[in-house]
Amino acid sequence: MRIKGLLIGNYLIFLGFLALFVAFQSSVWFQVLGSLPAPQMWIPVFVFWCIYREPHESVIMTYALTALVSTQTSLTFAIFLSINVCIFASVWLIKQRFYWSGSGFYILMSGLSTLIFFILHLLFSLLLEDNPLTRPDWFSWALSPLLTMFFALIFYHVFFLFDRITAKEVPRETSGGGF
């Protein structure tokens, strides 16, 4: 029973952290920094789960994260879920081929995932929406991945602290990273 409690606690800690920082991104960021593009605060959490969890755990978090973050976005749930599943598949495939331990891979994948998010958002919008996105904000596309990578660097150690608190072990193929 204690193991299940720690596992559920791990999910809840990450989801609580996610909710806090997505709320920060949605409200405080624009109040303080105006029109400066915001980092995608949910992507570092998502990428961490894609890299440092088994695939079935990552899929569960993909759905939970999508349900939580979709309330803070103008995207429909179906499109947001489709984008997140594509990002999960991309990160997982890249991890299988090019993974190296440490924070560098995680930070790079956070930035790349942010860029993939923007590209997929544009593609799904053009294909599926009645009023598609026609003029992407290229400045945001360039700056947001960099800001997301900065926050991913900070979050990396926090996430391993969460895992240590809840006695969560990372998969064997990624055990070289972290503490």
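The values are calculated or read from the model by the stated rules, or taken from the named source; none is laboratory data. Because the structure is predicted, anything quoted here is derived from the model rather than measured. Note that each Cβ is placed from the backbone with ideal geometry, even for glycine, and that neighbours are counted across all protein chains shown. The protein model used for the area step is the full one, side chains on, heavy atoms only, and it has no ligands, DNA or RNA in it. Shrake-Rupley method; radii C 1.70, N 1.55, O 1.52, S 1.80 Å.
Number of residues in the stretch 54-68 that are within 13 Å of the chain's Cα centre (by Cα) and in contact (Cβ under 8 Å) with a residue 40 or more places away in the chain equals 4. Of all the criteria given as (1) in contact (Cβ under 8 Å) with a residue 60 or more places away in the chain; (2) open to solvent by 10 Å² or more (accessible area, probe 1.4 Å); (3) within 20 Å of residue 107 (Cβ to Cβ); (4) not hydroxyl-bearing (Ser, Thr, Tyr), the one not satisfied by residue 45 is (2). The conditions of being out of contact with any strand residue (DSSP E or B) (no Cβ under 6 Å at 6 or more places or on another chain) and open to solvent by 10 Å² or more (accessible area, probe 1.4 Å) are met by residue 28.
Tell me, yes or no, whether the stretch 131-152 has at least one residue that is within 30 Å of residue 3 (Cβ to Cβ), of a type in the set (Phe, Trp, Tyr) and open to solvent by less than 40 Å² (accessible area, probe 1.4 Å). No, the stretch 131-152 contains no residue that is within 30 Å of residue 3 (Cβ to Cβ), of a type in the set (Phe, Trp, Tyr) and open to solvent by less than 40 Å² (accessible area, probe 1.4 Å). Could you give me the residue pairs with C-beta distances under 8 Å whose first residue belongs to the stretch 69-81 and is without any contact (Cβ under 8 Å) to a residue 12 or more places away in the chain, whose second residue is open to solvent by less than 20 Å² (accessible area, probe 1.4 Å) and among the β-branched types (Val, Ile, Thr) wherever it lies, and which are 6+ apart or on separate chains? Matching pairs, first to second residue: 77/66. In the stretch 115-130, the condition of being assigned to a loop (DSSP other than H, G, I, E, B), at pLDDT below 95 and on the phi < 0 side of the Ramachandran plot is met by at least one residue.
If you filter the stretch 1-42 down to residues that are of a type in the set (Gly, Ala, Ser) and assigned to a helix (DSSP H, G or I), you find that the one that is nearest to residue 117 (Cα to Cα) is 26.
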